[in-house]
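Visitor: Okay, here's the structure, questions in a sec.
The values are calculated or read from the model by the stated rules, or taken from the named source; none is laboratory data. Because the structure is a prediction, the values reported are computed rather than measured. Cβ sites come from the backbone with ideal geometry, for glycine too, and all protein chains shown count toward neighbours. These area figures cover heavy atoms from the full protein model, side chains too; ligands, DNA and RNA do not enter into them. Shrake-Rupley method; radii C 1.70, N 1.55, O 1.52, S 1.80 Å.
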Amino acid sequence: MGYLPIYDLLCQIYATFKPFDIFPEEEAALTKLLEVVRVFEEQGNNSIKDFDLFATESTDDATWQMDAPANADAISLMTVHKAKGLERRVVVVVLYERRRSWPEYHIEERGDGIRVLKITKDMAEKVDALRALHESENLKRRVTT
């Protein structure tokens, strides 16, 4: 007994759970996922683990790009460089790092302001309050990345 290729598996999932019927507004995203899987498999790949790496580490803008019609009431996502010179009423800049460069830094919000705390694993093991904060922040990072 073998495994289905990722594209075939995804088609089976779509047929079973009918996401196009449940989420008609997400048709473009669901179709794009199929296209990305097809491109991945055309490169001779077929491992879900490798697809995860391919999908999350792709530096090619075209991999996940979905163009909305010019007259659509939609949000445009682009790099800062592509957005330069375009006039928009609202601009949201998302700051995102692929690597966790400072895993021991934690942000603590209080009524009087915000503090940045550097808590190493050794420090957290010695002080119960620091251990709780360290574990809580690490859990947040694991859930959001």
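Visitor: Placing +1 on the Cβ of each Lys and Arg and -1 on the Cβ of each Asp and Glu in the chain, which of Leu4, Val37, Val127 has its Cα farthest towards the positive end of the resulting dipole?
Guide: The one lying farthest along the dipole's positive direction is Val127.
Visitor: Give me the percent of accessible area attributable to carbon and sulfur for the chain, probe 1.4 angstrom.
Guide: On the chain, the fraction of accessible area on carbon and sulfur atoms equals 56 percent.
Visitor: Would you mind working out the accessible area per residue for the range 1-40, using a 1.4 Å probe, and quoting it in Å²?
Guide: Computed with neighbouring chains in place, this is 72 Å² per residue.
Visitor: Evaluate the distance, in nm, between pseudo-label points positioned 7 Å from the Cα of Ala72 and of Leu34 along their respective Cα→Cβ axes.
Guide: 1.6 nm
Visitor: Still on this structure: What is the extension gain from Val127 to Ile22, computed as 0.36 nm multiplied by their sequence separation minus the C-alpha to C-alpha distance, in nm to one decimal? Could the numbers behind the result be given before it?
Guide: Values: separation 105, 0.36 × 105 = 37.80 nm, distance 4.93 nm.
The Val127-Ile22 span can extend by a further 32.9 nm.
Visitor: Can you list the aspartates and glutamates whose alpha carbon is less than 15 Å from that of Lys121, not counting same-chain residues fewer than 8 positions off?
Guide: Glu104, Glu135, Glu137
Visitor: Within the chain, what's the longest stretch lacking chymotrypsin sites (Phe, Trp or Tyr not before Pro) that sit in DSSP loops with no more than 10 other Cβ atoms inside 10 Å? Present the calculation step by step, with values, prior to reporting the outcome.
Guide: Numbers: sites that count: Tyr3, Tyr96.
In the chain, the maximal stretch lacking such sites is 4-95.
Visitor: Work out, step by step, the length gained on full extension between Asn45 and Asp112: first 0.36 nm times the residue separation, then minus their alpha carbon distance; give nm to one decimal. Intermediate results must be reported in sequence, preceding the final value.
Guide: Numbers: separation 67, 0.36 × 67 = 24.12 nm, distance 5.29 nm.
Fully extending the segment from Asn45 to Asp112 adds 18.8 nm.
Visitor: Quick check on packing: order 82-89, 25-32 by the mean number of other C-beta atoms within 10 Å, highest mean leading. Present the calculation step by step, with values, prior to reporting the outcome.
Guide: Numbers: 82-89: 8.0, 25-32: 12.0.
Answer by packing, highest mean first, reads 25-32, 82-89.
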